[in-house]
Every structure is written in structure tokens, then in C-alpha cells.
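Trainee: Quick one: the structure is below, questions incoming.
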Amino acid sequence: MTDIGVGAVPGADPVPTRGRGLAGATVGMAIGTTLSRITGVGRLIALALALGQFGAADAYNLANTTPNIITDIVIGGVLSATFVPVFVDRLATRGSKEAWRAISAVTTVTIVILVAATVAFWFLTPSIIDLYTVANHTDVVQQRHVAVSLLRWFVPQLACYGLIGLFAALLNARRKFAAPMFVPIANNVVVIIVLLWFHALVPHPTLASVTHQRGALVLLGLGTTLGVAIQAALLLPSLKRANLHIRFRWEPTHEAMKTIVRLGGWTFAFVVSSQVALVVILALADGVRPPGQVSAYTYAYIFFQLPYGVVAVSVMSAVTPSLAARWALRDTAGFRHRLAFGMRGMLAIIIPSSVGMLILAHPLIDLVLVHGSETAAQGASTAAALAMLSLGLPGFCMFLYMIRVLQSMQDTRTAFYLYLVENSVNIIFGVALVGPLGVRGLALSISIAYTVAAIVALGVIRRKIGWLGGDSLTRPVKRVIGASLVMAVVTVLAVNVSDSTHGIGLLARVVLAVVAGALAYLATASVAGARAARRTNGRAMSLSGARTHDSAYRQATGPADDDQRAPPPSPSFRGRLDGENPDTMIRHLRRGEREPDDDDEGDFHGPGAGGDR
């Protein structure tokens with residue numbers, strides 16, 4: 001069943017607003033993402049086992065990071081920032097035929113650009129590797145040879161990643177979120193098999209040994225790319241079931257393409273600035289001695305992104321189409337409500353995850369990575385970087401969430417300036433801290449940059465749309481922080497019950513700490529939430545009693561004369577709070593009420609303002 005909101009065009013594909021709702025979509029994506037991240041950890045374990053944290057691992061990680069960077073620069077950043085809002089806007093406000101013609105034109109141009117970029121990428125691979133190794137003055141010749149050879153095999157990943165992003169945007173525009181979250185599992189499984197196979201062929205990999213074993217190098221490069229290709233191919237059945245009316249239509253001057261180019265100009269600028277910052281950080285890491293610091297940073301960053309990928313990405317992916325549809329339909333009240341609802345749900349998991357990651361960084365890395373080619377000293381370097389990164393996890397997630405909000409508002413110019421702040425702070429602190437702190441300084445610079453940028457972004461969004469939730473947002477977050485502090489104490493006590501550093505004893509330490517901390521957090525948060533609900537209900541009952549008494553008094557004293565009656569509320573004052581009915585504003589502040597899902601979204605339709613993206 002569908003609901004066509006204010007501003008929708010008869011004959012347009014209606015924007016679905018009923019069904020599972022935001023919560024159901026988020027849970028489905030979280031399940032897929034969780035399984036994907038679990039297999040991703042397995043892939044990381046296999047990578048550490050096969051390559052360790054030596055020069056060969058650095059060459060592989062530098063080369064394997066590059067297709068993602070190039071994809072973001074060429075199309076990925078623009079795609080994720082503009083395609084979903086533009087697709088949703090066309091489906092919500094245009095006739096079906098017109099909407100699908102626009103989407104077909106955008107899809108056709110995107111595929112052509114991906115093919116051309118992949119060909120150019122092949123010829124630029126040596127120059128790209130040279131950028132990474134500019135600070136490496138020791139084993140640069142062998143590292144460059146291995147990295148260039150691998151990157152040649154990784155070139156097709158550019159087209160595959162671009163298609164994955166395009167397919168995900170088309171599915172998200174049709175409110176189908178699960179498949180893009182599940183397909184990375186296949187990619188991870190394929191790469192795990194390839195890495196274990198490589199380990200059997202080259203038990204002790206070094207740059208010299210890998211250079212002389214051409215077949216093993218081909219296996220590593222081709223197998224890694226095969227995983228990405230399978231990930232893209234597995235989305236095709238979902239596309240077929242999504243009722244997409246796409247045809248090959250070469251119309252680069254179509255108005256939808258012009259909109260994407262207009263919006264994508266700023267997006268392209270902030271994507272380039274982000275990738276420049278990443279290249280600088282990786283180059284700084286490659287210059288840190290001993291070798292292996294690129295891998296330490298890479299492994300730590302993968303762990304750092306686990307809670308972000310499971311929780312924040314799921315919330316953002318579910319919220320973005322809903323926010324874009326509300327903004328297109330000028331439903332400002334519903335837009336603000338959905339923004340605050342997603343923010344509360346995300347922070348309820350991300351804040352305790354950050355605390356737990358900070359406390360358990362060292363035993364967790366020892367448990368997962370210190371096997372095979374990975375040494376204890378290398379694991380300690382990765383754990384230190386992870387601890388520094390965990391400090392910035394809430395800021396990281398909040399910043400990216402605010403960027404999604406701006407993209408839904410089609411305001412990519414503001415997003416560019418916010419990214420410029422974040423990347424500038426990151427580079428400045430990275431250069432300043434890499435000398436005294438090594439890879440820990442690079443990790444800390446990211447935490448500082450995203451925290452500062454998140455604070456600035458919150459202020460910008462508040463100025464643009466006004467109310468962000470008030471007490472209905474800040475009070476639950478305060479309870480989350482309080483419960484996280486209790487969890488921290490319990491986790492520290494639990495992890496220090498034993499001093500085991502390997503095997504079953506270490507596993508028992510980590511499991512005990514995680515379970516005890518999670519139970520402490522849930523119990524504390526539940527008690528605090530129940531107390532808050534009782535206080536809210538008590539105030540509501542007091543207010544109801546006061547109104548009943550006032551009503552009885554008025555009935556007893558009788559109506560006043562016409563000339564003594566209080567004037568009716570001024571229409572301009574009644575709609576003063578951003579055009580919302582005061583009853584709606586009161587309802588937003590009632591924490592004890594159920595958060596509406598998509599079945600209730602019609603309750604929040606109201607007057608609002610559109611805006612530029």
C-alpha cells in the first residue's frame with residue numbers, strides 16, 4: 001500500500017511510505033551488514049595470516065585501496081551523493097514515463113563513464129603508485145614493482161565498484177535495501193579462499209619472494225578482483241525483481257543529468273579533497289619505520305568501521321530516501337522528525353561501541369590478528385592505532401550522517417565546505433603527529449578531524465532547518481552516555497579477571513568483557529529509560545489534571561462577555577515554530593510515546609520550505 005504525499009504528481013510512481021517502516025528496513029540491513037562484516041573480519045584474519053604486516057602486505061593494501069579511491073573520484077562519490085535523491089525526487093514528483101526516462105539517461109551515461117575511466121586507469125597505475133611511495137626511502141623499488149603488478153589486476157574493480165554503487169542507488173530508490181548489504185559476503189568468501197591458497201603457496205611472503213613467484217602474484221590479484229565482480233553480479237537478480245523500467249538512452253544533456261552535474265560539481269570537489277587527504281595519510285604511513293605501518297593503519301581502520309558499517313550505514317541507507325522524499329514534497333516537519341529519529345538510534349549503539357573498542361583494542365587485535373605472519377609487535381601497533389581511532393567513532397558517524405542529511409536536501413555545496421574543514425584538520429594534525437606518534441598520530445588525527453567537523457556540521461544543519469529534537473534528542477543521548485560509563489567500568493573489571501595473552505584464555509577474556517559490558521549497558525539504559533518514562537507520565541498526568549480543573553472552573557463561572565473574552569490566538573504565532581502545529585511539537589517531546597514507523601508518516605506531513613542542494 002502506498003501513500004502519496006503533498007506535492008506528488010498524479011501518475012507518478014508513488015514513494016512507498018508503508019510496510020516494514022524505517023525500523024524494519026534498518027534491521028534487515030543491519031543483519032546483512034553484520035554478516036558481511038563478520039566475513040570481513042574473517043577476510044582480515046586471512047590477510048594477516050597470508051601477508052602479515054611486512055612490505056608485501058603494504059604493497060597489497062596500497063594497491064587494493066586504490067580502486068576504491070579512483071571509483072570515488074570518478075563516479076562513486078557523486079553517485080552516492082546525488083543519484084538516490086534525484087531518483088527519488090523524479091519518482092515522487094514526475095509522471096512514471098518521465099521519471100524512468102530520466103533515470104535511464106543517468107544510468108546510460110554512468111556506465112559509459114565507468115568504461116572510459118577503467119581504460120584510463122590501466123595506463124595511470126605506475127604514476128598512482130609513485131604518489132604513495134614518495135615518503136618511502138628504503139624498499140621502494142621492490143614495493144613499487146609488486147604494487148604496480150597487483151594494481152594492474154585490480155583495475156577492473158573500478159568498473160565493478162561503480163556498477164555496485166549504481167545498482168544500490170537504483171534499489172534504494174525503490175526502497176529495497178537488503179541485497180546491497182548481503183552481497184559483500186560472497187566477495188569476502190572468495191578473497192578468503194584466495195588468501196589461504198596464496199599462504200599455502202608462499203608461507204613466508206616478502207617483497208623479494210613475491211616478486212619471484214609470478215603465479216602466486218597473479219592468483220592474489222586476479223582472485224581479489226574476482227570477488228568484487230561476483231559481488232556486482234549477485235545484485236542483478238534483485239534489479240530484475242525491482243520493477244525497473246530502464247532502457248539504454250544516450251541523453252547526456254537530459255535535465256536529470258544537468259541536475260546531477262550541478263549537484264555533483266560540489267560533490268566531486270569534496271570527494272577529491274577526501275581522497276587527497278587519504279593519499280597523504282597513506283604516504284605518511286608508508287614512510288614510517290619499521291615497514292608494515294600502512295597495513296597497521298589499514299587493519300585498524302577496518303576494525304574501526306565495524307560498528308559504523310553495521311549500525312550507521314544501515315540507518316543512513318534507510319533514512320536517506322525517506323529524507324529525500326520529504327524534502328522533495330516540502331514536508332519539513334517529517335524531515336526533522338526522521339532526522340532526529342535516525343540520530344538517536346545510531347548514537348545508542350555507536351557511543352557504547354566506541355567505549356568498548358577503546359578498552360578492548362589490544363586484546364581484540366591479539367585475538368584476531370596475531371597469527372601466522374603477524375607478530376605480537378605488529379599487533380601492538382595495530383591495536384594502538386585502533387584505540388586512537390575509537391576516540392573519534394561518534395564524531396565520524398555523526399559527520400557522515402549530517403552529510404547524508406545535506407545530500408537529501410540537495411545542498412552539496414555546504415557538504416563540500418564541511419569536508420574541506422575535516423580534510424584540512426586531518427592533514428594538519430597528521431603531519432604534526434606522525435613524527436612523535438607514528439601510525440598512532442595518523443589515527444588520532446582522523447579522530448580529531450571528524451569530531452571537529454561533526455560539531456561544525458550539527459551547527460550548520462541546525463541553522464538550516466531549526467529544531468533538531470530538543471530534549472527528545474539530548475536526554476536519550478545523555479542516558480546513553482551515562483550507561484556507557486557504567487559499561488566501561490564493568491568492561492575494565494571483566495577484561496582484567498585474567499592476564500592471558502593467547503589461546504582459549506584470551507578468547508575467554510574478550511568474550512567475558514564483551515558480554516558483561518553489553519549486559520551492564522542494557523541494564524543501565526533500561527533503568528534510566530524507565531525512570532524517564534515515569535517522570536514524563538507524571539508530568540503529563542499533572543498537566544491533564546490542571547486542564548481538567550481549569551475546565552471545571554470555567555464551566556462554573558460561565559462565559560465572559562464578548563468584549564471581555566480573550567482574543568483568539570494569533571495565526572502568525574500559532575504557526576510560528578517553523579510552520580508546525582504546537583500539538584505536533586509537544587508530541588515530538590514526549591519520550592514515552594512510540595516512535596512512528598513508515599505507517600505513521602502521514603501524521604507528520606505539514607507545510608515546509610524546500611531548498612537548494
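The values are calculated or read from the model by the stated rules, or taken from the named source; none is laboratory data. Source: prediction; values computed, not measured. Surface accessibility is based on the protein's heavy atoms, side chains included, excluding ligands, DNA and RNA. Shrake-Rupley method; radii C 1.70, N 1.55, O 1.52, S 1.80 Å.
Trainee: Quick one: Debye curve from the alpha-carbon atoms of the stretch 330-459 only, equal weights, vacuum; give me log10 I(q)/I(0) at q = 0.10 Å⁻¹ to two decimals.
Mentor: Scattering profile of the stretch 330-459, log10 relative to I(0): -0.41.
Trainee: For the stretch 81-188, with all protein chains present and a 1.4 Å probe, just round the carbon and sulfur fraction of the accessible area to a whole percent.
Mentor: It is 70 percent, rounded to a whole number.
Trainee: Here's a follow-up. Could you work out the relative contact order of the stretch 358-461, using alpha carbon pairs under 8 angstrom and six or more residues apart, expressed as a whole percent?
Mentor: Taking the mean separation of contacting Cα pairs over the length of the stretch 358-461, I get 34 percent.
Trainee: If you roll a 1.4 Å probe over the heavy atoms of the protein chains, what accessible area per residue do you get for the stretch 29-76, in Å²?
Mentor: With the other protein chains kept in place, the stretch 29-76 gives 25 Å² per residue.
Trainee: Taking the alpha-carbon centroid of each part, what is the distance from the stretch 406-460 to the stretch 201-239 in angstrom?
Mentor: 33 Å
Trainee: Follow-up question, since we're still on this one. May I ask you to give the percent of accessible area on the stretch 347-446 that is carbon plus sulfur, with a probe radius of 1.4 Å?
Mentor: Ligands and nucleic acids excluded, carbon and sulfur give 71 percent.
Trainee: So who's got an amide H within less than 5 Å of the one on F177, skipping anything under 5 residues away but keeping other chains? H placed 1.01 Å off N, in plane.
Mentor: So F177 has HN proximity to no qualifying residue.
Trainee: What number, in percent, do you get for the relative contact order of the stretch 137-252 if the mean sequence gap of Cα pairs under 8 Å and at least 6 apart is divided by its residue count?
Mentor: Taking the mean separation of contacting Cα pairs over the length of the stretch 137-252, I get 43 percent.
Trainee: Here's another thing I want to ask about it. Give the relative contact order (percent, whole number) for the stretch 277-422; include only Cα pairs under 8 Å separated by 6+ residues.
Mentor: 31 percent
Trainee: Tell me, what ³J(HN,Hα) does each residue in the stretch 474-479 have, in order and in whole Hz, if you take phi through Karplus 6.51 cos²θ - 1.76 cosθ + 1.60 with θ = phi - 60° and put x for Gly and Pro?
Mentor: 6, 5, x, 5, 4, 5
Trainee: Go through the stretch 119-134 residue by residue and turn each phi into a ³J(HN,Hα) via Karplus (6.51, -1.76, 1.60, θ = phi - 60°); whole Hz please, and just put x for glycine and proline.
Mentor: These are the phi-based 3J(HN,Hα) values: 5, 5, 4, 4, 6, 9, 4, x, 5, 5, 5, 4, 5, 5, 8, 5 Hz.
Trainee: How large is the accessible surface per residue of the stretch 310-467, computed with a 1.4 Å probe and reported in Å² as a whole number?
Mentor: 29 Å²
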